[in-house]
Each structure stands twice: as structure tokens, then as C-alpha cells.
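Pasting a structure below so you can have a look.
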Amino acid sequence: MIYDVVIVGGGPAGLSAAIYSSRARLKTLLIEKNGCGGQMTVTDLLENYPGFNDGINGFDLSVKLENQARDFGTEIVYDEVTEIKSGKVKEVVTTNSAYEAKTVIIAAGTRVKEMGIPGEAKFKGKGVSFCATCDAPFYKEKKVLVIGGGDSAIQEAIYLAKFAKEVTILHRRNELKATKILQERMLSYPNISVMCNTVPKEIIGKECIEEILVTDLKTNRNKSLKVDGAFVFIGLVPNALFLADVNLDEQGYIITDENMHTSVDGIFACGDIRQKHLRQVITAASDGAQAAVSAGHYIDNL
């Protein structure tokens, strides 16, 4: 079987592409490594996605998108893509199989960026976390550190404040990067504090985290913070390790035009893995729709 469209990744970009391509009666296969929804599934509340006045839980939205794609005829398999071979007919190779397609849409998204400091790897799952929605209940009445100053860091700090006794936000710059509305909401939580111009240097403990050594960038002095956990939200890394042919920028993101064309004919990219300025659920969904339409046009012109 040769599919019209094979989509790599089941986040909001991939699912939106699947909805558009399968609704257009294109034979569509979506391959997802872990489970549909991507990073959206660990977002407690999406309050800026249009149509939901009171916001919507990220996991709930992912279920709606997945069901909608399936209803239009999208096939979904759970596997890891290891290689994409270009040509007139593309071949998408996975750990367990291989699939042929007229077009491929890459929507593999991103993964969280790690700090790369001593102790981080040792204490993963033992105090170091990258998901407050997943792990916040384990820190009830405890002291935690949130590392980062963007929207994700502040959103997760607010969520953690409902459980933890103390939440300290550690940010390397002079002021937070998060949107003002999130910063205003953060101020309503008395158990949240902010330390700017400060970076983590080492995580220390025996079985679990006991303290984190940090450095004040203004004075260059080190000090120790006694905490029970550290939640890291310092950025994203594109999941583009399996890509060989398409052009990437210096950070590893796929370069596309406004219609989601990559440097290889018949291969498109959408969502967070694409070189772009704004990475949000709504922009991922928009990218996915455009990628599917472009794939359809490509097939029509074959």
C-alpha cells in the first residue's frame, strides 16, 4: 500500500494535518511514538485556545483532535520513526516496520531542553522533573524550584503553588519573559517568589535532591538553596535526529516556506519542529492545516 500522506508526530500540528488530509479523502497514516497530543497533554489549562471561554485541559483537547482525525478516516500507529527516505515515493522507516507514501508531513515537535549541570541526570525522577502537571502532587507542602522565566515556567509555577509550600522561580535574566497576564496571576500566589540574575550550577543530594547550588550573575557569588525538587523549563530542542535530507537551521529546526514546503519535494513540515517565532497550540494547528492542503496540491500535480 502506498499512502497519500504519512504524518510523523501526533501533536496538535500532526492531528490537524490528519484531520484536513483525511477529510479531503487522502489515504492518511499518522505515526506517533508515545501517544497523541504531544506536549499539549501535560498542559493543565489552555486558556488562549479559541472557543473555550473557561479554557480546556490539554489532554482533553488532544483526545478531541484524535477522535476527530479517526472519524475522518486517519489510521494511527504507535511506533518510532528512525528514517525518512526521499524519492518519487517516500519511505518512512520505523522501529518495527516501513511505510510508503506520496507525501510526508513531519510534525515531530520538540522535547524539553536540559540544563546540563552536575546532578541533573542522577536525580531525574528523584527530584528533577520537566512536567509540573505530572509530578506536582508529589510535592505537597514541600519546597520546589522552577528554573526558567518564560510562559511555560510561570504556568507550571502557578500550578505547583497549589501543592507546594514554597515555589521559587530561578531566572538567568534581569526580568521574566512570560506574558504580563501570567506574571500578574503569579503575584496572587503568596508562596511564589522570584530570583532573577541567577543560574543553577549543581544539584546535590544522596537518594533525592537536598540542595541546589546557584550563582548570582551580578555578584558571581554562589549559595545553596535547600529544596525538595527542581522543575526545569528553559527551552525546547527539535526532534529532528532522524532527518537527513531536509534543510535545518543552526538550532536544528526544519526550514520551510509559508506553505510548509521543505527543501525536499513532497516532504512538508509543520508545528514546533519548524523554524518559526511563535510556538503555540493554535499556530501548530494552523501549520498542520496548511501542510495538509499543500500535500494535497502536490499529489494533484504528480
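The values are calculated or read from the model by the stated rules, or taken from the named source; none is laboratory data. None of the values given here were measured: they were computed from a predicted structure. For neighbour counting, all protein chains shown are included, and Cβ atoms are generated from backbone atoms with ideal geometry for every residue, glycine included.
Restricting the search to the range 172-212, which residues are within 22 Å of Phe138 (Cβ to Cβ) and in contact (Cβ under 8 Å) with a residue 60 or more places away in the chain?
Pro200, Ile203, Ile204, Gly205, Glu207, Cys208, Ile209, Ile212
Considering (1) in a strand (DSSP E or B); (2) among the acidic types (Asp, Glu); (3) surrounded by fewer than 15 Cβ atoms within 10 Å (Cβ to Cβ), say which one Glu202 fails and leave the rest.
Status for Glu202: all satisfied but (3).
Among the residues of the range 21-39, is there at least one that is over 21 Å from the mean Cα position of the chain (by Cα), surrounded by 15 or more Cβ atoms within 10 Å (Cβ to Cβ) and within 23 Å of Gln280 (Cα to Cα)?
Yes, the conditions are met somewhere in the range 21-39.
Related question: Being of a type in the set (Phe, Trp, Tyr), in contact with a helix residue (DSSP H, G or I) (Cβ under 9 Å, 6 or more places away or on another chain) and under 26 Å from Leu278 (Cβ atoms) is the requirement here; does Tyr139 meet it?
No; evaluated as a whole, the condition is false for this residue.
Among the residues of the range 94-111 satisfying the criterion of being of a type in the set (A, V, I, L, M) and crowded, with 16+ Cβ neighbours inside 10 Å, which is farthest from Thr262 (Cα to Cα)?
Ala101
Still on this structure, I have one more. Pull up the range 46-75, narrow it to residues that are in a loop (DSSP other than H, G, I, E, B) and in contact (Cβ under 8 Å) with a residue 24 or more places away in the chain, then point me to the one that is surrounded by the most Cβ atoms within 10 Å (Cβ to Cβ).
Restricting to residues being in a loop (DSSP other than H, G, I, E, B) and in contact (Cβ under 8 Å) with a residue 24 or more places away in the chain, the top hit is Thr74.
When you scan the range 215-302 for strands (runs of 3 or more DSSP E) that lie fully inside it, which ones turn up with 3 or more residues that are of a type outside the set (S, T, N, Q) and either touching a residue at least 24 places away in the same chain (Cβ under 8 Å) or at positive phi (or both)?
In the range 215-302, 229-232, 236-238, 267-269 are the strands (runs of 3 or more DSSP E) which contain 3 or more residues that are of a type outside the set (S, T, N, Q) and either touching a residue at least 24 places away in the same chain (Cβ under 8 Å) or at positive phi (or both).
Name the one entry in Gly51, Gly150, Gly87, Gly119 that is small (Gly, Ala, Ser) and in contact with a strand residue (DSSP E or B) (Cβ under 8 Å, 6 or more places away or on another chain).
None of the others qualify; the one that does is Gly119.
Evaluate the range 80-92: report whether one residue or more is in a helix (DSSP H, G or I), at negative phi and surrounded by fewer than 22 Cβ atoms within 10 Å (Cβ to Cβ).
No: zero hits.
Can we say Ser193 is among the polar types (S, T, N, Q) and either at positive phi or outside the structural domain of Gly38 (by TED's automatic domain parsing) (or both)?
Values: among the polar types (S, T, N, Q): yes; either at positive phi or outside the structural domain of Gly38 (by TED's automatic domain parsing) (or both): yes.
Criteria met by Ser193.
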